[in-house]
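J.: Handing you a structure now.
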Amino acid sequence: MREVFLPRTLDELWDLLHRRPEAAIYAGGTDVLVKLRAGLITASGLICLERIQELKGVRDQGDEVYIGAATTHRTLLADPVIQEHFPILIQALNVLGSPPIRNMGTIGGNLVTASPAGDTLPPLYVLDAEVEVRWGDGAKRLPLSQFILGPGKTSLGPGQLLTGVRLRKSADYNVHHFEKVGQRKALAIAIVSLAAVLQVSDSGRIEKARLAWGSVGPTVIRSVEVESALEGRIISRDTLTKAAALAQTAVSPIDDIRAGEAYRRTVAGNLLLRLINYAR
Amino acid sequence: MKINFILNGREIELTVPSDIRVVDLLREELDLTGTKESCGSGECGACTILVDGQSRLSCLMLAAQLQGREVTTIEGLAGNEGRHPVQEAFVQAGAVQCGFCTPGMVLAAVDLLGHRPDPSRAEIREGLSGNLCRCTGYQKIVDAVEMAVHREKG
């Protein structure tokens, strides 16, 4: 039998991590408990974060919004601050897993799992999210792109915990677009996903573009080259087709049970064509 | 470990291994076999229960997490006046084929109607999208939830 701990404060957690450094940490359990049952986690103890209030909720801090790592997807979907300032995150959360998965799973869990197919990752990359990492007597803040190192790999060290996500409010973007291609609508692991935030002028010119693709590389793929190919141009079929060709070379997908490499590459480009819907 | 929680309206205290899954606790220890297990990995919804009124997957929760919570399984849904309106609608609509997914479907629908009392058909489908019916009897299941909505509105 594994001991299961439910600390109520971060201080209790630091103490536990000190005493049981080998314990596996989980919040919603939608990834860790699946791996545990499959025998992929052999830790002798489990620490569940769901009762630590400090890790939960959305705090509006003026220019920034702080999201506690153990905030569930359902809570985020219902949050007026997230709805107002980060519609692209709402779009991605709406297609993450299924209703019960969204009731249980947390934003911090999605990031620590660090799957290239994690649905919140592409929106958080284009929003230039930062994460907060804490340990017994210290804390640091780093860009999400430096936190996630590869499939299932993060820069978290022993005794460290992802405690929150910070997003800067920005009025820069008037187009927020997320699309995920999967084998079905619910409970689908993305085959390819695209997050795009654009600033489009009244005349239809793209002033600023930030793009990120999921499931087509070891982690989220960004491409300055594709962004530059859009910036300064009017949204048109021609502009998007050229950017799509560049995108197909920017991604580095693999073959797996869900889709082939060539299909993923094609779709990664073609998803850009959907931006024609935002032409003026 | 010792845990205390409310199960189907009754306070209970149990001594259980802290890492036993909630689905196993319900089915094997408490004989509440209305909660089903199919995939065991969060993809099918058969093991759905309500925890503090929200649908949760009992295959992805450990017994220790129930401490202090209020749990409703399909066995506890009917009140003294008989079936819950969603259960009644499932009967009236003939929304049951083999029945294996039914407890999870009913509880998912109860959660949905709890926070969205007047859903569109599309919203019902979305609300039940975490629950698989391998008889593929979805039409009548969605009909049943629609029926429950209309009955509630009178």
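J.: List the number of the failed condition for residue B:129; all other conditions in (1) part of a loop (DSSP other than H, G, I, E, B); (2) of a type in the set (S, T, N, Q); (3) within 30 Å of residue B:18 (Cα to Cα) hold.
T.: (3)
J.: Which of the numbered conditions does residue B:111 fail, given that it passes all the others? Conditions: (1) within 19 Å of residue A:99 (Cα to Cα); (2) within 11 Å of chain A (Cβ to nearest Cβ); (3) assigned to a loop (DSSP other than H, G, I, E, B); (4) not aliphatic (A, V, I, L, M).
T.: The number of the failed condition is (3).
J.: Also: If you check A:171, A:190, A:186, A:195, which single one turns out to be assigned to a loop (DSSP other than H, G, I, E, B), under 21 Å from residue A:267 (Cα atoms) and away from every other protein chain (no Cβ under 14 Å)? Give the steps one after another, and end with the answer.
T.: Working: A:171 fails: under 21 Å from residue A:267 (Cα atoms); A:186 fails: away from every other protein chain (no Cβ under 14 Å); A:195 fails: assigned to a loop (DSSP other than H, G, I, E, B).
Matching residue, one of A:171, A:190, A:186, A:195: A:190.
J.: Go over the candidates A:247, A:229, A:243 one by one and state the one that is without any contact (Cβ under 8 Å) to a residue 24 or more places away in the chain and either among the small types (Gly, Ala, Ser) or under 14 Å from residue A:175 (Cα atoms) (or both). Give the steps one after another, and end with the answer.
T.: Working: A:247 fails: without any contact (Cβ under 8 Å) to a residue 24 or more places away in the chain; A:243 fails: without any contact (Cβ under 8 Å) to a residue 24 or more places away in the chain.
Only one candidate qualifies: A:229.
J.: Additional query: If you check every pair at least six apart or on different chains, which have Cβ atoms under 9 Å apart with a residue in the range A:86-110 that is in the same structural domain as residue A:152 (by TED's automatic domain parsing) first and a residue that is in a helix (DSSP H, G or I) and of a type in the set (Ser, Thr, Tyr) second?
T.: Going by the 9 Å Cβ cut-off, the qualifying pairs are A:106/A:75.
J.: With the requirement that a residue be surrounded by fewer than 24 Cβ atoms within 10 Å (Cβ to Cβ), in contact (Cβ under 8 Å) with a residue 40 or more places away in the chain and not small (Gly, Ala, Ser), what does the range B:51-64 give you?
T.: Scanning the range B:51-64 gives a single hit, B:54.
J.: Shifting gears a bit: Are any residues in the range A:34-49 within 11 Å of chain B (Cβ to nearest Cβ) and more than 12 Å from residue A:4 (Cα to Cα), and if so, which ones?
T.: Matches in the range A:34-49: A:34, A:35, A:36, A:37, A:38.
J.: Looking only at the range A:250-274, count every residue that is free of Cβ contacts under 8 Å to residues at least 60 places away in the same chain, assigned to a helix (DSSP H, G or I) and among the β-branched types (Val, Ile, Thr) and tell me the total.
T.: Initially, the range A:250-274 is screened for residues free of Cβ contacts under 8 Å to residues at least 60 places away in the same chain, giving A:250-252, A:254-257, A:260-262, A:265-266, A:269-270, A:273.
Next cut, assigned to a helix (DSSP H, G or I) only: A:250, A:261-262, A:265-266, A:269-270, A:273.
Those left that are additionally among the β-branched types (Val, Ile, Thr): A:266.
Looking only at that region, the number is 1.
J.: Next question. So residue A:15 ticks every box in (1) within 23 Å of residue A:107 (Cβ to Cβ); (2) assigned to a helix (DSSP H, G or I) but one. Which box is left unticked?
T.: Single failed check for residue A:15: (1).
J.: Among the listed residues B:122, B:95, B:109, which satisfies the condition of being of a type in the set (A, V, I, L, M, F, W, C), farther than 28 Å from residue A:38 by Cβ and exposed (fewer than 13 other Cβ atoms within 10 Å of the Cβ)? First the steps, then the outcome.
T.: Values: B:95 fails: exposed (fewer than 13 other Cβ atoms within 10 Å of the Cβ); B:109 fails: exposed (fewer than 13 other Cβ atoms within 10 Å of the Cβ).
Step by step, each of B:122, B:95, B:109 is checked, and only B:122 is of a type in the set (A, V, I, L, M, F, W, C), farther than 28 Å from residue A:38 by Cβ and exposed (fewer than 13 other Cβ atoms within 10 Å of the Cβ).
J.: So which residues in the range A:5-25 are in contact with a strand residue (DSSP E or B) (Cβ under 6 Å, 6 or more places away or on another chain) and touching a residue at least 60 places away in the same chain (Cβ under 8 Å)? First the steps, then the outcome.
T.: Going residue by residue through the range A:5-25, those that are in contact with a strand residue (DSSP E or B) (Cβ under 6 Å, 6 or more places away or on another chain) are A:5-6, A:16, A:20, A:23-25.
Hit for the range A:5-25 is A:25, nothing else.
J.: Taking into account only those residues within the range B:4-49 that are assigned to a strand (DSSP E or B) and at the interface with chain A (Cβ under 10 Å from one of its Cβ atoms), which is surrounded by the most Cβ atoms within 10 Å (Cβ to Cβ)?
T.: Among those that are assigned to a strand (DSSP E or B) and at the interface with chain A (Cβ under 10 Å from one of its Cβ atoms), it is B:48.
J.: May I ask you to say which residue of A:17, A:10, A:6 is more than 9 Å from every other protein chain (Cβ to nearest Cβ), farther than 19 Å from residue A:67 by Cα and at pLDDT 95 or above?
T.: Details: A:10 fails: farther than 19 Å from residue A:67 by Cα; A:6 fails: more than 9 Å from every other protein chain (Cβ to nearest Cβ).
Criteria check complete, one pass: A:17.
J.: Kindly indicate whether any position in the range A:145-165 is part of a loop (DSSP other than H, G, I, E, B) and aromatic (Phe, Trp, Tyr). Step through it out loud before you land on a result.
T.: Of all residues in the range A:145-165, those part of a loop (DSSP other than H, G, I, E, B) come to A:151-152, A:155-160.
If we keep only those that are aromatic (Phe, Trp, Tyr) too, we end up with none.
No - not one qualifying residue is present in the range A:145-165.
J.: Quickly run through the range A:20-33 and pick out the residues that are more than 8 Å from chain B (Cβ to nearest Cβ) and not in a loop (DSSP other than H, G, I, E, B).
T.: A:24, A:25, A:26, A:32
The values are calculated or read from the model by the stated rules, or taken from the named source; none is laboratory data. Source: prediction; values computed, not measured. In this analysis, Cβ positions are derived from the backbone assuming ideal geometry, glycine residues included, and neighbour counts consider all displayed protein chains.
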